[in-house]
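Quick notes on the structure that follows.
The values are calculated or read from the model by the stated rules, or taken from the named source; none is laboratory data. For clarity, every value in this text was computed on a predicted model and none was experimentally measured. Quick reminder, even Gly has a Cβ in these numbers, built from the backbone with ideal geometry, and neighbours come from all protein chains shown. The protein model used for the area step is the full one, side chains on, heavy atoms only, and it has no ligands, DNA or RNA in it. Shrake-Rupley method; radii C 1.70, N 1.55, O 1.52, S 1.80 Å.
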Amino acid sequence: MSKPDTTVAKEYRIIVVDDDPLICKRACHILNDSGMKAVAFKSGSQLLNYLRDNPPPDLILLDISMPEMDGFDTLKELRKREEKGKEIPVIFLTANEDASVEEKSLTSGAMDFIKKPFIANILILRVKHAVELVRLQRNLADEVEKKTREKEQLFLHVNETKNTLIFNFSHDILTPLNAILGYSELARKHLNDTTVAQDYLQKVSTAGKLLTALTNNLLELSELDANVVHSKMGKNDLAVVVSETVDMLRPEFNAKSIAITVNHEDVQTKVIMDAPRFQRALSHILSNAAKFTPNNGKVMVSILQKGATKSGYVRFDVAVTDTGIGMSSEFLERAFNAFEREETSTRSGKTGTGIGLTITKRIMDILGGSVTVTSEKGKGSTFTLSLPLKLFDGVLDTQPTVQPLSTICIGKKRILLVEDIEINRMLAETVLTESGFEVESVTDGCDAVEAVANKPQGYYAAVLMDIQMPVMNGYEATRAIRALDRKDAASLPIIALSANARMQDKAMSFESGMNEHVAKPFDVQELIGILNKYMIEE
């Protein structure tokens with residue numbers, strides 16, 4: 001039989017209270033020899049007087065039968081005292097064999113009892129286990145309290161972030177909305193003056209695009225958080241990728257007469273990379289440079305090669321330096337946090353949700369790179385995108401040339417429009433009709449399935465399908481159409497036309513059997529171009 005472990009990892013402070021000096025002496029001797037620190041008192045009153053001016057022990061061994069004040073009364077007085085007295089664990093010592101005494105011991109607030117005369121190893125183990133159990137309980141209580149505080153702090157942080165988002169986003173949504181409503185009303189009042197009306201409508205269009213960009217940024221951040229953006233690695237020329245990104249945003253710079261140049265070293269820039277995702281990261285940096293650089297300012301984009309490895313990887317730095325308003329050193333520490341802005345749009349006059357840099361950082365993290373910034377208030381900023389890329393020799397991946405598609409209907413084609421919201425249905429009907437299409441409209445997925453099923457082969461050239469509808473949604477309707485027993489059920493073009501604009505929404509459209517997914521608010525040229533593509537294929 002193995003010997004019980006009576007070692008004590010830490011020094012425990014134990015108080016023994018018994019009116020028998022031999023019991024006190026023996027108990028203290030056993031406990032001290034085992035590595036504990038034990039002291040003794042011969043009465044409950046001595047114990048209480050000692051505790052008044054001294055720190056509490058780890059455990060009290062308390063005799064029950066004592067002449068002046070028995071153990072039960074002593075324990076009662078102890079528990080009446082300040083908080084520390086309520087927490088001291090107590091084990092009763094008793095020579096009484098009466099079961100009622102044992103029961104009273106366990107119901108009086110003591111955690112255990114030990115019968116006298118006690119065996120040394122049993123005494124040590126009972127004391128050791130009692131102290132360790134109490135310490136474990138206290139540690140657990142401390143950990144629970146710590147986690148509770150952390151949860152409360154997290155809740156406060158999330159709530160503060162939410163309130164910041166609501167404030168910033170509501171303000172920046174209401175700003176373009178105000179322009180849309182205001183200039184629409186002005187345009188209505190000046191319908192007889194074509195030049196003025198067109199100017200107002202152009203401002204409405206600009207405000208609408210800004211509103212769309214704000215929403216798309218939030219959707220993009222959500223997709224990055226959910227990790228639903230898939231990699232598109234390919235053979236690209238980094239210099240071309242950067243130049244194309246600059247060209248996409250060049251109208252923003254031209255509108256403010258900002259001179260933007262692209263410089264790169266005479267080095268190999270053919271690399272394997274996720275070009276679309278990198279372009280998204282760079283576009284947010286460039287958009288900020290255009291937004292925060294004053295008229296007639298300068299922006300320089302530099303491509304630098306910083307080092308190579310034996311495995312064929314090279315670190316490239318793409319630096320965007322502007323002569324803009326710059327940032328304070330205090331704000332630089334939180335510049336990449338979501339919804340952070342150094343000044344609200346009320347003060348700066350620049351709208352935005354404060355998540356463009358957050359999106360850039362998330363993208364660069366996914367790509368295995370980094371983004372850093374140096375800036376000085378009033379003098380400009382330099383953002384540097386650093387990325388390890390593998391070089392290659394050979395032919396670049398090329399995208400097939402897409403011929404521009406006419407925005408006028410090719411032939412007299414009939415479209416089935418499925419849309420439950422009247423104002424959206426009227427808008428789509430008008431756009432399609434003015435582009436030369438014939439339009440039949442239904443307001444629910446069930447009606448769409450019935451319309452296709454009851455019409456002859458080839459009656460509809462395409463279906464524009466909303467997704468969120470009350471009776472049968474667009475996904476269900478598409479699957480039902482594809483399941484119809486007719487020759488054109490599989491080939492009929494079905495195009496999602498929905499405000500569900502996330503990547504997973506688009507994936508669900510394709511999974512249900514749709515051919516395309518056009519997000520609302522839709523671009524007229526894009527929508528008509530997509531429809532005409534299927535007319536040509538037909």
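Quick notes
- A count restricted to segment 85-134 and to residues that are aromatic (Phe, Trp, Tyr) and part of a loop (DSSP other than H, G, I, E, B) stands at 1.
- Count of segment 187-212 residues, restricted to those that are farther than 20 Å from Ala519 by Cα and either of a type in the set (Asp, Glu) or open to solvent by less than 60 Å² (accessible area, probe 1.4 Å) (or both), is 6.
- Meets criteria (modelled with pLDDT under 85, charged (D, E, K, R) and open to solvent by less than 100 Å² (accessible area, probe 1.4 Å)) for Asp142: no
- Single residue of segment 478-488 satisfying the filter (in contact (Cβ under 8 Å) with a residue 24 or more places away in the chain and under 19 Å from Asp466 (Cα atoms)) that is most open to solvent (accessible area, probe 1.4 Å): Arg479
- For segment 506-517, filtered to residues that are in contact with a His (Cβ under 8 Å, 6 or more places away or on another chain) and open to solvent by 10 Å² or more (accessible area, probe 1.4 Å), the residue that is modelled with the lowest pLDDT is Lys506.
- Ala38, sole failed condition from (1) touching a strand residue (DSSP E or B) at 6+ places or on another chain (Cβ under 8 Å); (2) at pLDDT 90 or above; (3) open to solvent by 70 Å² or more (accessible area, probe 1.4 Å); (4) not polar (S, T, N, Q): (3)
- The set of residues in segment 36-81 being β-branched (Val, Ile, Thr) and part of a helix (DSSP H, G or I) consists of Thr74 alone.
- Residue match in segment 44-65 (condition: hydroxyl-bearing (Ser, Thr, Tyr) and touching a Gly at 6+ places or on another chain (Cβ under 8 Å)): yes
- Counted residues, segment 41-61 - those being open to solvent by 40 Å² or more (accessible area, probe 1.4 Å) and either of a type in the set (Lys, Arg) or out of contact with any helix residue (DSSP H, G or I) (no Cβ under 7 Å at 6 or more places or on another chain) (or both): 8
- Residue match in segment 219-237 (condition: at pLDDT 85 or above, of a type in the set (A, V, I, L, M, F, W, C) and farther than 21 Å from Ala519 by Cα): no
- Flag for Lys128 being within 55 Å of the chain's Cα centre (by Cα) and open to solvent by 80 Å² or more (accessible area, probe 1.4 Å): no
- Within segment 490-499, tally of residues that are touching a residue at least 24 places away in the same chain (Cβ under 8 Å), in a loop (DSSP other than H, G, I, E, B) and either open to solvent by less than 30 Å² (accessible area, probe 1.4 Å) or closer than 16 Å to Val449 by Cβ (or both): 2
- Candidate set from segment 518-538 (those that are open to solvent by 50 Å² or more (accessible area, probe 1.4 Å) and without any contact (Cβ under 8 Å) to a residue 60 or more places away in the chain); member that is nearest to Asp420 (Cα to Cα): Asp523
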